[in-house]
Ligand SMILES: NC(=O)c1ccc[n+]([C@@H]2O[C@H](COP(=O)([O-])OP(=O)(O)OC[C@H]3O[C@@H](n4cnc5c(N)ncnc54)[C@H](OP(=O)(O)O)[C@@H]3O)[C@@H](O)[C@H]2O)c1
């Protein structure tokens with residue numbers, strides 16, 4: 001462990017903490033100092049498996065330890081409360097996606113972090129995978145001509161309850177679980193915000209099980225595709241892809257969001273020649289890259305590519321998607337300033 005290794009606390013013995021984030025924190029050279037769990041026995045069992053030196057019951061005692069930062073892997077409905085509590089204790093926060101349940105909550109979290117001069121980042125790990133830099137460079141190179149249309153799907157079969165994603169009170173549903181990635185990617189590719197959205201969905205057990213979205217990006221002379229047609233859901237076989245069509249060619253990413261170490265998935269494209277090309281992309285661990293970027297922001301007093309303001313902007317679009325699901329109308333994306 002290096003001298004300036006960050007000391008992390010973990011809130012919740014969550015699957016994603018166990019599988020991805022705790023290994024990533026260690027791979028980045030930082031220290032996992034303490035785990036908080038509602039049930040001590042759950043926490044003790046995970047701490048034993050992962051050699052975490054201290055376990056406490058509940059989350060507040062974690063915030064009272066001598067730490068630099070916390071990772072919040074709680075159900076979506078608890079992100080706001082525990083992020084604000086951690087910032088209040090002077091801790092930097094890496095919080096799982098979506099950052100909160102509404103743009104207004106996320107804006108409050110962002111403002112609190114700014115006031116406290118602390119780093120608050122949303123754990124949108126896919127943005128740190130190097131194949132995305134390659135994909136964006138193709139889109140921005142002009143080889144596909146003028147970009148017109150973005151399409152994408154993130155769907156899989158979610159097993160029956162109990163699972164936090166089937167519980168509306170905990171922030172369940174497909175839009176928050178996987179639709180958030182599609183909206184995030186459409187905004188990132190466009191480097192601007194959509195102004196209008198339309199959503200149609202199927203509800204089951206009180207949550208959105210399958211949702212189809214159309215996002216409209218205003219034409220401001222920028223080059224991103226002005227329309228995005230996206231679908232997400234819990235009710236079909238695993239399907240995860242993203243495609244951008246231009247006036248001369250197209251490019252696709254298979255598994256755009258969860259490619260990990262071991263997955264060397266190429267970008268497949270036709271850059272106007274009529275010939276389908278495969279551009280190799282080496283495997284990488286986006287979680288480790290995200291933790292390293294977070295650590296740099298903490299040490300340098302900077303920010304990350306997936307900061308709280310971006311998380312709030314993403315939620316402004318999700319807010320509009322939920323309104324559209326309820327009204328059956330096209331809905332405007334409300335400005336965060338207003
Ligand atoms: N970035 C990614 O790749 C990725 C992937 C999957 C999930 N996620 C996000 O990570 C978060 C956790 O997801 P997960 O799949 O890891 O969930 P999970 O395994 O169900 O873990 C959630 C944890 O929250 C705690 N919790 C507190 N109140 C709870 C309640 N009322 N019911 C159930 N659990 C409660 C539990 O920890 P204790 O019992 O130990 O307190 C539980 O282990 C979500 O926000 C999700 O969107 C991100």
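Where a number appears in this text, it was derived from the coordinates with a stated rule and is not lab data. Every value quoted in this text rests on a predicted model; they were computed, and no experiment measured them. Every residue, glycine as well, gets a Cβ built from its backbone with ideal geometry; the counts of neighbours run over all protein chains shown.
Please state the equivalent ellipsoid semi-axes for the range 183-338: what are the square roots of 5 times the Cα gyration tensor eigenvalues, largest first, in whole Å?
Working: eigenvalues 138, 104, 70 Å².
Square roots of five times the eigenvalues give 26, 23, 19 Å.
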Just need the relative contact order of the range 7-125 here, percent rounded to a whole number, with Cα pairs under 8 Å and 6+ apart. 23
Estimate the FRET efficiency between residue 332 and residue 296 by the formula 1/(1 + (r/R0)^6), using the beta-carbon distance for r and 35 Å for R0, to the nearest 0.05. 0.45
Specify whether the C-alpha gyration tensor of the range 204-266 places it in the rounded, prolate or oblate class, a ≥ b ≥ c being the square roots of the eigenvalues: rounded for a/c under 1.5, otherwise prolate if a/b is larger than b/c and oblate if not. oblate
From the Cα centre of the range 288-332 to that of the range 1-79, the distance in Å is 23
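Rank these for me by crowding, 108, 96, going from fewest to most other beta carbons within 10 Å.
Numbers: 108 17, 96 24.
Neighbour counts put them in this order, fewest first: 108, 96.
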Let's test the formula: R0 of 35 Å, r as the Cβ-Cβ distance of residue 66 and residue 238. What FRET efficiency results, to the nearest 0.05? 0.25
For the chain, the Kirkwood Rh over every pair of distinct alpha carbons, in Å, works out to 20.6
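When every alpha-carbon pair in the range 1-87 is counted, what percent end up more than 20 Å apart?
Numbers: 951 of 3741 pairs.
Value for the range 1-87 (Cα pairs over 20 Å): 25 percent.
In what sequence do 203, 156 fall when counting other Cβ within 10 Å, fewest first?
On the way: 203 13, 156 17.
Going from least to most buried by this count: 203, 156.
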Suppose a student asked you for the relative contact order of the range 130-283, using Cα pairs under 8 Å spaced at least 6 residues apart; what percent would you report? 29
Plugging the Cβ-Cβ distance of residue 49 and residue 200 into 1/(1 + (r/R0)^6) at R0 = 30 Å yields, to the nearest 0.05, a FRET efficiency of 0.10
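Determine the calculated [θ] at 222 nm for the chain from helices alone, applying -39500 (n - 2.57) to every DSSP H run no shorter than 4 residues and normalising by the residue count; nearest 500 deg cm²/dmol.
Working: 9 runs with 103 residues, N = 338.
Value at 222 nm, helices only: -9500 deg cm²/dmol.
Quick one: order 159, 323 by neighbouring beta-carbon count within 10 Å, fewest to most. Could the numbers behind the result be given before it?
Numbers: 159 9, 323 17.
If I rank by nearby Cβ atoms, fewest first, I get 159, 323.
Only Cα pairs under 8 Å and at least 6 apart count here; give the relative contact order of the chain as a rounded whole percent.
Values: 773 pairs, mean separation 64.1, N = 338.
Value for the chain: 19 percent.
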